[in-house]
Amino acid sequence: MEFFEVLEKRYSCRDFKDKEVEQELIDKILEAGRLSPTAVNFQPERIYVCKSKEILEKLKTACKYTFNAGLIFVIAYNTKEAWVRKSDDRGFGMVDATIVTTNMMNAITALGLGSCFVCSMHEDKVEEILGLPENIKVLALLPTGYPNEVKKHNTRKDIKEIVEYR
Ligand SMILES: Cc1cc2nc3c(=O)[nH]c(=O)nc-3n(C[C@H](O)[C@H](O)[C@H](O)COP(=O)(O)O)c2cc1C
C-alpha cells in the first residue's frame with residue numbers, strides 16, 4: 001500500500017475478527033517498530049507481544065480498551081536507556097515509544113490489519129501483569145487483528161487551523 005494511502009486508510013479499529021494474526025505479519029509489524037528513529041539512536045523501546053489467553057485476560061483488568069483482541073502489543077521504554085536533555089533534564093523515552101507505536105500502527109494498516117492506539121489504562125497494573133522492572137514504563141497498548149468492520153478515520157481540523165507559515 002502506498003504511504004499516503006496508509007495514512008488515509010488507518011483508523012482506530014475497535015472490533016476484531018476471531019482470526020489469529022500470522023507470525024509473519026507480527027514479525028513485519030515488529031520490524032516497523034525496530035526501524036523507528038529514537039533520540040541519539042539510544043533505542044530505549046521495549047515491545048511485549050501479548051497473545052496468550054492468560055495475559056490477555058489479565059490485561060482486561062488493567063485496561064477497558066482491549067476490544068477483545070487476540071493480539072496486543074504493549075509498547076514501553078527503558079528510562080535508563082532513554083536520552084535525557086541536559087538543558088531541562090527532560091527524558092525522551094515517551095517520545096521514542098510514541099514514534100515506535102505510530103510506525104507499528106501504520107504498518108498494521110499497510111498489512112490489511114487494524115489496531116487502536118490505547119493509552120487509557122492503569123499502567124502500574126499493566127507493568128505488574130507483565131512483571132516489568134521499575135525502569136520499564138508502559139506507554140501504550142496496540143490491540144491488533146483483522147478488522148470486523150469497514151470504517152474511516154475520524155474527522156480532522158482544517159489544515160488552516162493547525163498550520164501557520166511564519
Ligand atoms: C495517544 C493516544 C491515545 C489514545 N488512547 C485511546 C484510548 O485509550 N482508548 C481508545 O479507544 N482510543 C484511544 N485513542 C484513539 C483516538 O481516540 C483516535 O485516534 C482519535 O479519535 C482519532 O480517530 P482515528 O484514529 O479513527 O482517526 C488514542 C489515540 C492516541 C493517539
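Using just the helices of the chain, give the 222 nm mean residue ellipticity in deg cm²/dmol: DSSP H runs with n ≥ 4 each add -39,500 (n - 2.57), and the total is spread over all residues, rounded to 500.
-9500 deg cm²/dmol
With the crude spin-label approximation of a point 7 Å out along Cα→Cβ, what separation in nm comes out for Asn148 versus Ser87?
Calculated label separation equals 4.9 nm.
Let me know the charge dipole size of the range 1-79 about its Cα centre in debye, to the nearest 20, where only the beta-carbon of Lys, Arg (+1) and Asp, Glu (-1) is charged.
Result for the range 1-79 is approximately 400 debye, rounded to the nearest 20.
What is the magnitude of the charge dipole of the chain about its Cα centre, with +1 placed on the Cβ of each Lys and Arg, -1 on the Cβ of each Asp and Glu, and no other charges, expressed in debye to the nearest 20?
Working: 25 positive and 26 negative charges, 72 e Å.
Dipole about the Cα centre, nearest 20: 340 debye.
Select from the chain the helices, each a whole stretch of DSSP H, whose alpha-carbon atoms run 18 Å or more along the helix axis and whose Kyte-Doolittle mean is at least -1.0; answer none if there are none.
93-110
Rounded, prolate or oblate: which fits the range 104-163, taking a ≥ b ≥ c as square roots of the Cα gyration tensor eigenvalues, rounded meaning a/c under 1.5, else prolate when a/b beats b/c?
Working: a/c = 2.77, a/b = 1.56, b/c = 1.78.
Oblate is the answer for the range 104-163, as a/c is 1.5 or above yet b/c matches or exceeds a/b.
Below 8 Å, C-alpha to C-alpha, sequence gap of six or more: please give me the relative contact order for the range 1-151 in percent. Could you put the intermediate results ahead of the total?
Values: 277 pairs, mean separation 54.2, N = 151.
The normalised contact order for the range 1-151 reaches 36 percent.
In the chain, with Lys and Arg counted as +1 and Asp and Glu as -1 at Cβ, which of these residues, Tyr65, Val21, Ile108, has the Cα nearest the positive end of the dipole, that is, farthest along it?
Tyr65
Taking a ≥ b ≥ c as the square roots of the Cα gyration tensor eigenvalues, with a/c under 1.5 meaning rounded and otherwise prolate when a/b beats b/c, else oblate, which class fits the range 16-166?
Values: a/c = 1.69, a/b = 1.14, b/c = 1.49.
Here the range 16-166 falls in the oblate category.
Give the calculated FRET efficiency between Cys119 and Glu8 to the nearest 0.05, with a Förster radius of 22 Å applied to their Cβ-Cβ distance.
Plugging the Cβ-Cβ distance into 1/(1 + (r/R0)^6) gives 0.40.
If the cut-off is 26 Å between C-alpha atoms, which lysines fall inside it for Lys80, apart from same-chain ones fewer than 8 positions away?
Lys125, Lys137
No lab work stands behind these numbers, since they all come straight from the coordinates. Note that the coordinates shown come from a computational prediction; the quantities given were computed from them, not determined experimentally. Because the Cβ atoms are built from the backbone with ideal geometry, glycine has one as well, and the counts that use them run over all protein chains shown.
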